[in-house]
Every structure is written in structure tokens, then in C-alpha cells.
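Comments concern the structure below.
No lab work stands behind these numbers, since they all come straight from the coordinates. Keep in mind that what you see is a predicted model, and the values were worked out from it rather than measured. For neighbour counting, all protein chains shown are included, and Cβ atoms are generated from backbone atoms with ideal geometry for every residue, glycine included.
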Amino acid sequence: MLTELHTTESEATTREAVNRAVSTLHAGEPVALPTETVYGLAADALNETAVKRVFEAKERPSFDPLIVHVPDKKSIRDVAEIPDDLDKIVTQLVETFWPGPLTIVLPKKPHIPDEVTAGLPTVGVRMSNHPIFGKVIKAFGGPLAAPSANRFGRVSPTSAAAVMDELDGRIPLVIDGGACARGIESTIVALEENEPKPLIRILRLGPVTADDLKKFGKIDKSRRNEAVEENAPEAPGMLASHYAPNTPLRMPESAAEFVPEPGKRYALLSYRGQEKDGFLDLVDWEEIAILSPGSGRLPEAGIRLYHVLRQLDQLGVDEIIAEPFPDRGVGSAILDRLKKAASIR
Ligand code: TXA
Ligand code: MG
């Protein structure tokens with residue numbers, strides 16, 4: 001299959017790209033679209049055949065459910081059944097964080113196909129704030145199921161070039177909307193009625209942090225996606241190894257823990273490139289990639305993480321060594337992704 005790549009540099013090319021995306025989606029084909037987190041592979045969420053094409057292109061196992069993206073805030077009620085006792089917190093979260101990088105898991109409406117939710121009774125819903133995604137979904141006029149536009153288990157794409165690396169020849173259309181502003185997948189939460197405050201279970205850490213969420217409910221940091229794990233008993237731990245480059249990646253707890261082996265070539269993924277963090281002088285690094293040079297900003301490190309991992313993956317080194325990141329703010333999401341990338345081997 002020939003994969004077309006459309007740019008959105010001018011008003012005219014944007015109009016053309018949006019029209020092309022909408023007609024491809026209406027034809028039941030998947031389209032890679034930019035979102036503010038990572039690029040998504042979108043399909044008509046109400047068309048089972050279109051959704052199956054997404055799973056095929058990604059080689060994604062059918063037990064892993066897709067996030068449903070909606071065109072506006074009120075449409076959450078078209079795809080999810082909001083229990084009365086959660087109505088208040090859902091409204092608060094939507095008003096505070098949408099459009100944006102927060103996915104809310106709720107009971108699904110019956111017309112959402114099982115293919116989308118992997119047979120679960122719930123659906124993850126999100127509204128993206130990317131202007132191109134917004135234009136496409138509003139013109140399309142309905143919900144779009146969209147997982148990250150990478151092959152299963154690999155690093156999520158944060159640019160159109162990265163999508164091409166992953167899916168060239170497997171899908172008909174990629175819309176280039178530039179680099180993603182957040183660079184890391186959305187925070188996913190499940191909600192539970194609880195007194196005096198509802199429980200917010202963080203299923204996946206992301207740009208919306210536990211600190212951002214805590215005023216709306218009681219944070220449960222168990223961080224386990226039980227719904228998905230129970231759904232896939234034949235593949236326990238499969239979801240633990242994820243977000244991985246091809247090159248082995250390791251994240252030592254401290255610099256002292258890293259003992260280089262003679263003759264091996266290493267690349268360093270550094271937070272801020274400071275000597276005092278202890279890693280710079282450990283070995284003659286083949287490459288040192290610094291995510292946020294200087295005093296270090298975690299959101300900036302998050303934006304660049306996947307882009308830089310892809311670059312390091314091209315070097316052909318024996319191992320990528322990642323410095324430990326501070327477990328706060330977006331740093332917690334970065335740590336989570338690096339642990340998952342490291343656990344693959
Ligand atoms: O930022 C994002 O969320 C991106 C962009 C494209 O929107 N999408 C994304 O989708 O990261 P994906 O499919 O790569 O990751 C979504 C994860 C799934 O792996 C699954 O674990 C979880 O969301 N998920 C989806 N529906 C769920 C549900 N009903 N219950 C629990 N977890 C769910
Ligand atoms: Mg993904």
C-alpha cells in the first residue's frame with residue numbers, strides 16, 4: 001500500500017489535508033493524525049471493520065482497548081454512560097482538562113463496538129487539543145478511535161517522520177501537523193464513587209499529574225490497569241514491556257550502579273547534562289543526548305523523550321543508559337515509560 005503524506009503548512013494545504021483525512025475515515029480506512037501528546041492512528045470508532053484495520057496495521061493484540069476521541073466536551077455523553085454519582089467529577093475534569101491530555105475511563109454506551117473496547121464494559125474517552133486533530137474530527141462529525149501510531153510495543157511517534165518509520169506501507173494516509181507539544185501519551189484515569197471524595201485511579205501516568213488531579217478526588221496510585229490485565233490473562237506482564245526502542249535500554253538507580261563492560265558502546269540519555277548528576281564521566285559515551293539542558297525542566301524532557309530515544313536507537317550502540325528521572329510532575333510519567341522500555345529484556 002502506498003502511504004500518502006500530507007503537510008499542513010498553509011491554509012490551502014491544511015484544507016486539502018483535512019478533506020483528504022475525512023474522506024479516508026468515511027471510507028473506513030485508518031489515518032495517522034497529530035495530537036498534542038503523540039501521533040494517533042485514527043479510525044471511525046463506530047465502524048468495526050475500520051477499527052480492525054487499526055489493529056492490523058499496528059499488529060496490536062485484540063485484548064488491548066483503544067481510546068475514543070470525541071469532537072467536543074458534550075460528546076462524552078454519546079460514547080460513555082456517566083453514573084449519577086460520578087457526574088460531578090466527570091464534569092469538573094472535562095471542564096478543567098479538556099481539550100487536553102486526560103483520558104477518562106467510564107462505562108461504555110452499547111453502540112460502541114466491542115472491537116474498540118476489547119470486550120470491556122468501559123471506554124476510555126479523550127478530547128485532543130491539537131488544532132489539526134480538532135479540524136478533522138469536527139468535520140468528520142463523530143467519535144474516532146485512535147491508539148498511538150506505532151507498531152505494538154514500540155516507541156510512540158511524536159512527528160510525522162516517526163509515524164512513517166513505523167507504519168509506511170501499512171496505512172493510506174499520514175497528516176503532518178508538526179512535532180507534538182507534550183510528547184508523552186495522555187494520563188488515563190478510572191473513577192470510583194467513594195465518600196467523602198470520589199476515587200481517582202491513575203491507570204497511566206502522563207502530562208496531567210497526580211498533583212493536578214488531587215483537588216478533584218482521592219488519588220489511588222496503585223497504577224494498575226486491572227481491567228486490561230484481567231482481560232488478557234493469557235498474556236500477563238505483556239503490557240509491562242512497552243514503549244521500547246530496539247536497542248536494549250537500562251536505567252540504573254544511581255551512577256555507581258553502572259559498571260561499563262570493556263569493548264561495549266554506550267549512549268547516555270541524560271536529563272539535564274550536568275556533571276553533578278554523576279553519569280557524564282562514567283565512560284567514553286558514543287553519544288550523550290540531553291533532554292533539558294541546564295537546570296532541567298521535566299515537561300521539556302517529556303516533549304523530547306521519544307524523539308531522542310528514536311535518534312539513539314539509530315546509532316547501533318550496544319546499550320542505551322538512561323539517567324534516573326525525578327519522581328515528580330511529568331518526571332513520574334517519564335520514569336514509568338523508561339521502566340517499561342527497560343523491562344522488555
Ligand atoms: O495520548 C494518548 O492517549 C494517545 C493519543 C493518540 O490520543 N493514545 C494512546 O493510545 O496512547 P494507546 O492505544 O497507545 O494507549 C491507550 C491505552 C491502552 O493501552 C489501554 O491500556 C488503555 O489505554 N485503555 C483504553 N481503554 C481502556 C479501558 N476501557 N479501560 C482501561 N484501560 C483502557
Ligand atoms: Mg500506544
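Results, tabulated for the structure shown:
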quantity	calculated
Residue match in region 69-91 (condition: part of a helix (DSSP H, G or I), among the hydroxyl-bearing types (Ser, Thr, Tyr) and either closer than 30 Å to Lys214 by Cβ or out of contact with any Cys (no Cβ under 7 Å at 6 or more places or on another chain) (or both))	yes
Candidate set from region 181-204 (those that are surrounded by fewer than 23 Cβ atoms within 10 Å (Cβ to Cβ) and in a loop (DSSP other than H, G, I, E, B)); member that is nearest to the chain's Cα centre (by Cα)	Ala181
Checklist (1) near ligand 1 (Cβ under 9 Å from one of its atoms); (2) more than 23 Å from Val208 (Cα to Cα); (3) of a type in the set (Phe, Trp, Tyr) applied to Phe133, failing item	(2)
Filter pass, Asp318 being touching a strand residue (DSSP E or B) at 6+ places or on another chain (Cβ under 8 Å), over 23 Å from Ala161 (Cβ atoms) and touching a residue at least 12 places away in the same chain (Cβ under 8 Å)	yes
Index of the failed condition, Gly119 passing every other in (1) in contact with a helix residue (DSSP H, G or I) (Cβ under 8 Å, 6 or more places away or on another chain); (2) on the phi < 0 side of the Ramachandran plot; (3) not aliphatic (A, V, I, L, M)	(2)
Yes/no for Tyr271 being over 12 Å from Ala322 (Cα atoms) and of a type in the set (Ser, Thr, Tyr)	no
All positions within region 178-192 that are in contact with a helix residue (DSSP H, G or I) (Cβ under 9 Å, 6 or more places away or on another chain), among the aliphatic types (A, V, I, L, M) and within 16 Å of ligand 2 (Cβ to nearest atom)	Ile184
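Yes/no per residue for (1) within 11 Å of ligand 1 (Cβ to nearest atom); (2) within 29 Å of Pro245 (Cα to Cα):
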{"residue": "Pro121", "(1), (2)": "yes, no"}
{"residue": "Ser128", "(1), (2)": "yes, yes"}
{"residue": "Leu144", "(1), (2)": "yes, yes"}
{"residue": "Met164", "(1), (2)": "no, yes"}
{"residue": "Gly178", "(1), (2)": "no, yes"}
{"residue": "Arg182", "(1), (2)": "yes, yes"}
{"residue": "Leu191", "(1), (2)": "no, no"}
{"residue": "Asn194", "(1), (2)": "no, no"}
{"residue": "Ile202", "(1), (2)": "no, yes"}
